[in-house]
1. Quick one: THR205 ticks every box in (1) open to solvent by 60 Å² or more (accessible area, probe 1.4 Å); (2) more than 11 Å from the ligand (Cβ to nearest atom); (3) not in a helix (DSSP H, G or I) except a single one, so which number is it?
2. Exactly one of these conditions fails for VAL162: (1) touching a helix residue (DSSP H, G or I) at 6+ places or on another chain (Cβ under 7 Å); (2) at pLDDT 95 or above; (3) more than 13 Å from the ligand (Cβ to nearest atom). Give me its number.
3. What number goes with the only condition from (1) assigned to a helix (DSSP H, G or I); (2) more than 13 Å from the ligand (Cβ to nearest atom); (3) buried (at least 20 other Cβ atoms within 10 Å of the Cβ) that TRP210 does not pass?
4. Residues being in contact with a Phe, Trp or Tyr (Cβ under 8 Å, 6 or more places away or on another chain) and within 16 Å of the ligand (Cβ to nearest atom): count how many of those fall in segment 246-282.
5. Quick one: is LEU185 within 16 Å of LYS119 (Cα to Cα), within 9 Å of the ligand (Cβ to nearest atom) and either touching a His at 6+ places or on another chain (Cβ under 7 Å) or in contact (Cβ under 8 Å) with a residue 12 or more places away in the chain (or both)?
6. Need the failing condition index for PRO196 against (1) outside any helix (DSSP H, G or I); (2) more than 14 Å from the ligand (Cβ to nearest atom), just the number.
7. Listed residues GLN202, GLN215; which is under 22 Å from GLU128 (Cα atoms) and in the same structural domain as MET139 (by the TED database)?
Amino acid sequence: MSSDSSRRIQVPEELKEVLLQFSIAYLVEQPPDVIDYAADYFNKLQANRPAPANQDQSQDDQQSINSQDGEEPPVMQNSRRKSVFAEAYDPEADDDDEGATAIFPKTDEQRSRLVESVKNVLLFRSLEKEQMNQVLDAMFERKVQPGDYIIRQGDDGDNFYVIESGIYKVYINDKHINTYNHTGLFGELALLYNMPRAATVQAETNGLLWAMDRQTFRRILLKSAFKKRKMYEELLNNVPMLKALQNYERMNLADALITKSFEGGERIIKQGDAADGMYFIEEGTVSVRMDQDDAEVEISQLGKGQYFGELALVTHRPRAASVYATGGHVRLAFLDTEAFERIMGFLTDVLKRNIVIYEQMFTEMARRNTNL
Ligand code: CMP
């Protein structure tokens, strides 16, 4: 090795990952003092290092979805944590979903507004046509005014709401934690998990909501939505880039996942293609290959629980490698960029800028190191 190259500083992958996660957490939290935040963040990160696989998880299992209302960096929601919901409740053992589905007649104008409002509701994604019609029949309109409380934390859950228009603020223990801006849904948690309302939702402006009663929600949506969120919770918890999200946001991402299947030898993504989303491996293995001098060279193999294509969510860069299904059948969960952006809104712009800055920084470092 020449003396030049021996003095080059390598930027380890782990350092890049830790700094990237820290930056995301910082941008999400927007704390007043970066140094205080960093000290606290890294202390907690150290204290929460993953324990050996068989360690007792009971403490973590007490963690609630609402525990992250600002006291600790969101990244501390480490992958071993499960939401209490997944543990506490079994929809199969619940017969609250019996009975007839309500029908609210609508004018053509109302129905087309409703269809428009539910178009992007991820929770409805896996419904069949017949179920979707039942959903549309069962929804009823509710007008709200500034200051109206739609939901109060701690109450029993009555309805689930899809937003047609209006701005709504969400509070947990009187702390503002979320705002809906003319789109989205709320009130599903109490109905999905049979528990009191997790938050208060108050209208900021005049608005229009489409509501569905508890019984209908549970009859049509409960089992599919519950299963999907539970099945994908762990997958999503294990993606470093998503650790900065609130548990609640990750759950919404689970609704957006679409199952895709491939047979051995089939290409899943092609190097150079536009990137439209990321994949989680539910079953089987894949081979990641890069073009090199007219041939493809395998750079890694990935299996169940692993993921690929995640940078597509924030950078929209062309695919850096091709990925093929290997062996037999491969089942993947696909998260498309558009759904991700709908849920994350402005955040993706912040992340994109951040990643570009990071890349420039690392490139600059590498350039300087080669010139040492
Ligand atoms: P639910 O608990 O039924 O009623 C309050 C609703 O607020 C809740 O369902 C969610 O739909 C919504 N909500 C929005 N953001 C959050 C959050 N961070 N944690 C919990 N609930 C949230």
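1. (1)
2. Here VAL162 clears every test but (3).
3. (1)
4. Residues flagged as in contact with a Phe, Trp or Tyr (Cβ under 8 Å, 6 or more places away or on another chain) and within 16 Å of the ligand (Cβ to nearest atom) within segment 246-282 amount to 3.
5. On the way: within 16 Å of LYS119 (Cα to Cα): yes; within 9 Å of the ligand (Cβ to nearest atom): yes; either touching a His at 6+ places or on another chain (Cβ under 7 Å) or in contact (Cβ under 8 Å) with a residue 12 or more places away in the chain (or both): yes.
So LEU185 passes the test.
6. The single condition PRO196 does not satisfy is (2).
7. GLN215
Residue by residue, here is whether (1) open to solvent by 70 Å² or more (accessible area, probe 1.4 Å); (2) touching a His at 6+ places or on another chain (Cβ under 9 Å) holds:
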position: GLN145; (1), (2): yes, no
position: ILE150; (1), (2): no, no
position: GLY157; (1), (2): no, no
position: GLY166; (1), (2): no, yes
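The values are calculated or read from the model by the stated rules, or taken from the named source; none is laboratory data. Here the structure is a predicted model, which is why all the values come from computation and not from measurement. Glycine also receives a Cβ, built like all others from the backbone with ideal geometry; neighbour counts cover every protein chain displayed. What goes into the accessible areas is simple: the full protein's heavy atoms, side chains included, and nothing from ligands, DNA or RNA. Shrake-Rupley method; radii C 1.70, N 1.55, O 1.52, S 1.80 Å.
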